[in-house]
1. Treating only the Cβ of Lys, Arg, Asp and Glu as charged (+1, +1, -1, -1), what charge dipole size does chain A show about its Cα centre? Round to the nearest 20 debye.
2. I'd like the trypsin sites (Lys or Arg not before Pro) in the stretch A:1-108 restricted to DSSP loop residues with at most 11 other Cβ atoms within 10 Å, sorted by number.
3. Of A:Ser67, A:Gln85, A:Thr7, which is farthest on the positive side of the dipole of chain A, counting Cα position, with +1 on Lys and Arg Cβ, -1 on Asp and Glu Cβ, and the Cα centre as origin?
4. Ignoring ligands and nucleic acids, what accessible area does B:His12 show with a 1.4 Å probe (Å², nearest 10)?
5. Would you work out which of A:Ile54, A:Ser96, A:Asn28 lies farthest towards the positive end of the dipole of the stretch A:15-97, given +1 charges on the beta-carbon of Lys and Arg and -1 on that of Asp and Glu, about the Cα centre?
6. Distance check, please: which entries in B:Lys70/B:Lys110; B:Lys36/B:Lys56; B:Lys56/B:Lys110; A:Lys14/A:Lys44 exceed 25 angstrom between their Cα atoms?
7. Which of the aspartates and glutamates could a cross-linker span from B:Lys59 if the Cα-Cα distance has to be under 18 Å and same-chain partners fewer than 8 positions apart are dropped?
8. How many nm separate the modelled label positions at A:Phe10 and B:Gln3, each set 7 Å beyond the Cα in the direction of the Cβ?
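The values are calculated or read from the model by the stated rules, or taken from the named source; none is laboratory data. Source: prediction; values computed, not measured. Here the Cβ positions follow ideal geometry from the backbone for every residue, glycine too, while neighbour counts run over all protein chains shown. The accessibility values were calculated without ligands, DNA or RNA, using every heavy atom of the protein model including side chains. Shrake-Rupley method; radii C 1.70, N 1.55, O 1.52, S 1.80 Å.
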Amino acid sequence: NAGVTQTPKFRILKIGQSMTLQCTQDMNHNYMYWYRQDPGMGLKLIYYSVGAGITDKGEVPNGYNVSRSTTEDFPLRLELAAPSQTSVYFCASSPSGSSWDEQYFGPGTRLTVT
Amino acid sequence: GQQVMQIPQYQHVQEGEDFTTYCNSSTTLSNIQWYKQRPGGHPVFLIQLVKSGEVKKQKRLTFQFGEAKKNSSLHITATQTTDVGTYFCAGQIWSNYQLIWGAGTKLIIKP
């Protein structure tokens, strides 16, 4: 199993550009999450999904969109990139969202907006 | 909103010294998880605590969950260079899918 994979690893965007961060998991997990981690900070939840076709906002959803058409994939879309979106983005998955499940993280995408 | 405060932000220790990080929640948690993130890496799950007053050990690491299920700690005995990284707590509230993350404590080994 590859676990959770993310592409790209690094990206530099100009202000106003758009991009999609890809996330795929091969563990058949129902729950998937997108976090951002600013330097020296903890993780903030952007969006999450409890299954294909179902998504919901987290703590910091503004400026982002997601979709979940399959169990495996959970892409994150940035529209009109802003410098405030410079961060490291982590995708994670868990079998369910219950109290008993750990989250498995991808390697992250380091995004710089200039 | 709900918050999990984690202190200290950094801890510098000599190799062989102990390390402790503390988490406090503004609300009662259903469980708390601990993760480790190596420099340049991603968070990796260490352990989960569920019961009030629970204590779990993993070799030199001791994890505690408070009686009121609002605080938790991680203690590392006799730190080694392999312990370097940032340790995060993440609490979960009943009926909520989201983990509430502490800001992390960075363990730095002095040369």
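1. In total the dipole reaches around 460 debye.
2. Those that pass, being in a loop and sparsely packed, are A:Lys9, A:Lys14.
3. A:Gln85
4. Ignoring ligands and nucleic acids, B:His12 comes out at about 100 Å².
5. Among A:Ile54, A:Ser96, A:Asn28, the one farthest towards the positive end of the dipole of the stretch A:15-97 is A:Ile54.
6. B:Lys70/B:Lys110; B:Lys56/B:Lys110
7. By straight Cα distance, B:Lys59 reaches B:Glu15, B:Glu17, B:Asp18, B:Asp83.
8. 3.5
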